[in-house]
Structure formats: structure tokens, C-alpha cells
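Rule-based calculations on the coordinates, nothing more; no lab input. Model, not experiment: these values are computed from the prediction. Note that we place each Cβ from the backbone using ideal geometry, even for glycine, and neighbour counts take in every protein chain shown.
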There are 2 protein chains.
Amino acid sequence: MEPRISILTLRVDDLEAATRYYVDELGWQPLLAVPGEVTFLPVGHGVVLGLFDARGFDADAGRPLAAPLTLAHNVGSEAEVDAVTDEMVAAGGTLVRAPARASWGGYHGFVEDPAGYCWEIAHNPAWRVAPDGTVAIGPVEA
Amino acid sequence: MEPRISILTLRVDDLEAATRYYVDELGWQPLLAVPGEVTFLPVGHGVVLGLFDARGFDADAGRPLAAPLTLAHNVGSEAEVDAVTDEMVAAGGTLVRAPARASWGGYHGFVEDPAGYCWEIAHNPAWRVAPDGTVAIGPVEA
């Protein structure tokens, strides 16, 4: 497994207030914002900070998590999701949710590390990182 | 304030077990590991995952934090630490710890966002990010 965080997702009770803080007050440009659901903020080369509404966050991993965050590790195919998930479990991680289709069109599994932090291993066909580190989510342009 | 995460620090109860998982089992190369204190793992272009022993983590911000993580935003000078800390507070963040000297030789302040997540605004004179994104901590080589 390559050492790489694609998205740091934080569980937030008031998504509107959190989004207002980062976008309206600090002036950060969202990559994607779905009111009531999620706000994605680019925070580095190929790295995104996700603010995830608490209800959606709790539903996503299929069970309550010990910590209010997930670390997403995006890979290039569903087979890689399976392989990395297996690798993390074989290394001593705890399977939280076996890889399966996601509502957003991809495929993902969840594994907790020994300290209780949860990784989301994901394949998102719409996730692209340009050579300069700019992240895009959306259909590939013609 | 530039949208950038330099270090994602996680509070861990058993640093040795967490380090063993990432370094010995998954094979990640630590940037720096101080047994009983902290393990820093590069996880992207200019981005580091910090595993911080719970006692040290709790002492660092000066008071217990709502969430078991901090988001470090490294800047180039002490004046920038002051400026960014002020900006985050003016935007609606809560000052957790006013900027001050750090035990590791730098200067840092702590501000919580409206969702309760704590940023550490830091100047670490030993922190360097190469053009290819490789992070180094230590004295500049001759």
C-alpha cells in the first residue's frame, strides 16, 4: 500500500457553518459543495479536505466510528480497492465494511488501523489529479 | 490563509502498535520517529501523517481538544504564524492557544474551527518541502 492520503474527511454537525467559515470567511475555493451533504476543499497537491454532514458520515462506514474522521486512499481500480483492503487487514487492521459499490458511483471499503482510525479505500472513476496536483471530480472532458 | 494541510496529527494511545502497523507491516518509511513521542509518515506531496502519543498530544494544545486530531498549517515565519492565527480567529475560529515558542524549536498557535477541529499554525525552521514534494525535518545540509 502506497503511503498516500487523498481525502481527509471530517464529521461536522453543522455543515453550513463549517462551509461558511472556510469558503466565505477564509476564502477557500471548494472543489465541490453539496448543501446538506458535503463540502470538498483542495488543501494541497492531490489532497482534499472533506467536510461531511454528520448523518451522511455515520451512514457511510455502516457503523459508528471511534473517531470523527476518515482517511481516504484513492486507487485506480476496483481490484486495487480489494487488494489494499486485504493488505490493511492482513497487516493487523480491522475490516469495518467490505468493499462494495458506493452511492456516488465508485467502489469502496473501510478498514480501521490499530489506533482506531478508519481508512476508506476507494475507486472513484471521476477523481482525477493533474500533474500539478490539482484535483478534479467529474466526468472526463472531451 | 492559503488552503493547505502540512501535517495531519492523530492522537494515539499506543504509539508503538500504531507505528508497527504503518512502518513494519505496511512498509511505510518514517520521516522521523521518536519512540514514546511521535512518528511522522510522509503521505503525499508536502504532507505528513503524524502519530502523536496521547500524553504529548494532550499537552501540546494546552487543553483537551474536542477531536483527537490537529491539522498543522506550516508557514515561513513567526510573523506569519501570528497573522494566520489572527485571520482564523477573525473569521470565526476560537483561539485555543496564542502563538508561542514550541519545545521543538519553532513557534505555533492553535485555533479551532466552528466544527471543533483544531488547526496548529506553525513555523518550524527545520521543515523543508522540496520541489518534488519530499518533506525533510532537520538542519539544512551544507
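Some notes on this structure:
- Entry note, segment B:1-58: relative contact order of 42 percent, from Cα contacts under 8 Å with a spacing of 6+ residues.
- Other copies of A:S103: label-to-label distances in nm, shortest first, labels 7 Å along the beta-carbon direction: 4.4
- Copy-to-copy label distances for B:E2, where each label lies 7 Å from Cα along Cα-to-Cβ, are 2.4 nm in order of increasing length.
- Angle between chain A longest axis and helix A:78-90 axis [Cα atoms, degrees, rounded to 10]: 60 degrees
- Centre separation in Å (Cα based) which lies between segment B:1-53 and segment A:1-68: 21 Å
- Chain A: C-alpha gyration tensor shape, a/c 1.5 cut-off, then a/b vs b/c: oblate
- Starting from the label point of A:D14 at 7 Å along Cα→Cβ, the same points in the other copies fall at 3.8 nm, in ascending order.
- Nearest-20 debye value, chain A charge dipole, Cβ charges on Lys, Arg, Asp, Glu: 80 debye
- Relative contact order computed over chain A (Cα-Cα under 8 Å; 6+ residues apart), in percent: 23 percent
- Along each principal axis, Cα extent of segment A:1-61, largest first, Å: 35, 29, 14
- Counting Cβ atoms of other protein chains within 10 Å of each residue's Cβ and taking the mean over peptide B:94-100 gives 0.
- Of all chain A residues, the one whose C-beta is nearest the axis that brings A onto B, in angstrom: A:H45, 2
- Here the dipole of segment A:62-108 is about 280 debye; that uses its Cα centre as origin and unit charges on the Cβ of Lys and Arg (positive) and Asp and Glu (negative).
- Pairwise FRET efficiency - B:R63 versus A:L95, Cβ, R0 = 45 Å, nearest 0.05: 0.80
- Overall form of segment B:59-125 per C-alpha gyration tensor (a/c, 1.5; a/b vs b/c): oblate
- DSSP bridge analysis restricted to segment B:59-142 gives an antiparallel fraction near 75%, rounded to the nearest 5.
- Neighbour-count ranking [beta-carbon atoms within 10 angstrom, fewest first] of B:V23, B:V34: B:V34, B:V23
- DSSP bridge pairs, chain B: antiparallel proportion in percent, nearest 5: 70 percent
- Where GluC sites (Glu not before Pro) fall in DSSP loop in segment B:98-142, at most 11 other Cβ within 10 Å: B:E141
- Within the protein assembly as shown, helix-based [θ] at 222 nm, where runs of 4 or more DSSP H residues each add -39,500 (n - 2.57), nearest 500: -5000 deg cm²/dmol
- Lys, Arg +1 and Asp, Glu -1 on Cβ, resulting dipole of segment B:1-59 about Cα centre, debye, nearest 20: 200 debye
- The HN-Hα couplings worked out from phi for segment A:100-108 by the Karplus form 6.51 cos²θ - 1.76 cosθ + 1.60 (θ = phi - 60°) are 7, 4, 9, 4, 8, x, x, 8, 8 Hz, whole numbers, x standing for Gly and Pro.
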